[in-house]
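Here the structure is laid out as structure tokens; the discussion comes afterwards.
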Amino acid sequence: MQFIPTLITVAIMLAYAIPGFIFVKTKAIKPDSIGAFARILLFVCQPALILYSLNAAECTGEFVRQMGIFFGLCTGMQIVVMVSLTFILKKRFDDVRNRICTIASSLANVGFFGVPLIEAVLGAGHPAIAFSTVFSVSLNLLSWTLAVGIITWDRKKINVRNMIVNPTTVSLLVALPLFFTGTKLPAVIAPIIELLGRMTTPMCMLILGMRLATVTPQDLFLNPRVYISTALKNIVYPLVSFLVIYFIPLPTYIKVTFFLLGCCPSASMVLNMSELVGEGQTHAACSVLISTLSCIITVPLLALMIPLL
């Protein structure tokens, strides 16, 4: 029974947001300072998480082949969802909120939110954590290309340089050679990297709590588009992921990983992208917040399907 472990894991992750909310509401932290916390998350914790996840896996020919298949599946899944919603909503794309809805329904928080879920179900340090990195790389590539193009609805805004030069890809330049050569991090450094990597979830949730304190209840709860994107991301996307992976001959733990990562809420990258291009920031923040808060219900219920894989 995966309901209780996932429920506890999600509840703990959401609890991390409470201090961030309190700090901003009591003005102990100014909203202008949230960006500094986000930079620590992106430039310190996330690279450490990538190093930690690949350091936990053993490189074999079969494992690398499975990672390639996984990359193709998660990339294809995200593209299909984005393109499908773009086709459905493009006549209403003059409103940036519909463009944000498309991206929020397609990109998942597979790193910060996904790793704790994988460890809750499969165990701490499981090699499946490496697949969250594969998914993160796919998400990163699509964020700087297709996602930016959709949010701005302008091909000229697509920045290939940012797609290549960013914390994820730079971290991979260090992590992949170590992974492929079977080189493990030194015993003195490995615990430090693991600790920094595990900080991604608390830090991400702290930032989420800070964001929550800056939006009005009206913006957060009275926008139907937020609920549409949440339903698509938290319910429809995981169910489609389940159907896709069910029929593919892969080890069960990889199927479970793909499904769990599909259950993750809208990615914080949605908000990052909207802030970068200067459009739809409030709607993006609300979409990510409602999607994440809803996971306390959707993830444990969806986890009941894991034994079927």
>> I'd like to know which of 152, 240, 208 lies farthest towards the positive end of the charge dipole of the range 140-240, counting +1 on Cβ of Lys and Arg and -1 on Cβ of Asp and Glu.
In response: 152
> Sorted from fewest to most neighbouring beta carbons within 10 Å, what does the list 214, 9, 133, 75 look like?
Replying inline: 214, 75, 9, 133
> If you take the square roots of the eigenvalues of the alpha-carbon gyration tensor of the range 186-289 and sort them as a ≥ b ≥ c, do you get rounded (a/c under 1.5), prolate (a/b over b/c) or oblate?
Replying inline: oblate
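Considering the convex hull of the alpha carbon atoms of the range 216-274, report its projected area averaged over all viewing directions, in nm², one decimal.
Working: hull surface 19.8 nm².
In nm², the orientation-averaged hull projection of the range 216-274 is 5.0.
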>> Using the Karplus curve 6.51 cos²θ - 1.76 cosθ + 1.60 with θ = phi - 60°, what ³J(HN,Hα) values do you get for each residue of the range 293-309, in whole Hz, with x for Gly and Pro?
In response: 4, 5, 4, 4, 9, 6, 5, x, 5, 5, 4, 5, 8, 4, x, 7, 7
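Treat the chain as a sphere of radius equal to its Kirkwood radius over Cα pairs and apply Stokes-Einstein at 10 °C in a medium of 1.306 mPa s; give the translational diffusion coefficient in µm²/s, rounded to a whole number. Could the numbers behind the result be given before it?
Numbers: Rh = 19.4 Å.
In µm²/s, the coefficient rounds to 82.
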> Applying the Karplus parametrisation 6.51 cos²θ - 1.76 cosθ + 1.60 with θ = phi - 60° to the phi angles of the range 201-218, what ³J(HN,Hα) value in whole Hz is obtained for each residue in order, glycine and proline being reported as x?
Replying inline: 5, x, 5, 4, 5, 4, 5, 4, x, 5, 4, 4, 6, 9, 9, 7, x, 5
>> Amide H of residue 108 versus every other amide H placed in the peptide plane: which residues, excluding those fewer than 5 positions away on the same chain, fall under 5 Å?
In response: 267
>> If I build a Gaussian network model for the chain, linking alpha-carbon pairs within less than 10 angstrom, which residue out of 68, 149, 280 has the largest mean-square fluctuation?
In response: 68
> Using a Gaussian network model of the chain with C-alpha springs under 10 Å, which one of 267, 285, 28 is most mobile by mean-square fluctuation?
Replying inline: 28
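Using the number of other C-beta atoms within 10 angstrom as an exposure proxy, rank 126, 283 with the fewest first.
Lowest count first: 126, 283.
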> Can you give the charge dipole size of the range 3-308 about its Cα centre, rounded to the nearest 20 debye, using +1 on the beta carbon of Lys and Arg and -1 on the beta carbon of Asp and Glu?
Replying inline: 560 debye
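Calculate the FRET efficiency for residue 58 and residue 277 from the Cβ-Cβ distance with a Förster distance of 41 Å, rounded to the nearest 0.05.
After rounding to 0.05, the efficiency reads 0.50.
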> Going by how many other beta carbons lie within 10 Å of each one, how would you line up 93, 87, fewest first?
Replying inline: 87, 93
> Using θ = phi - 60° and the Karplus form 6.51 cos²θ - 1.76 cosθ + 1.60, what ³J(HN,Hα) does each residue of the range 55-68 get, whole Hz, x for Gly and Pro?
Replying inline: 5, 7, 9, 9, 7, 10, x, 5, 5, 5, 4, 5, 5, x
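Just so you know, all these numbers are worked out from the coordinates, no wet-lab data involved. This one's a predicted model, so the numbers in the text were calculated from it and none came from an experiment. Please note: Cβ atoms are built from the backbone with ideal geometry, for glycine as well, and neighbour counts cover all protein chains shown.
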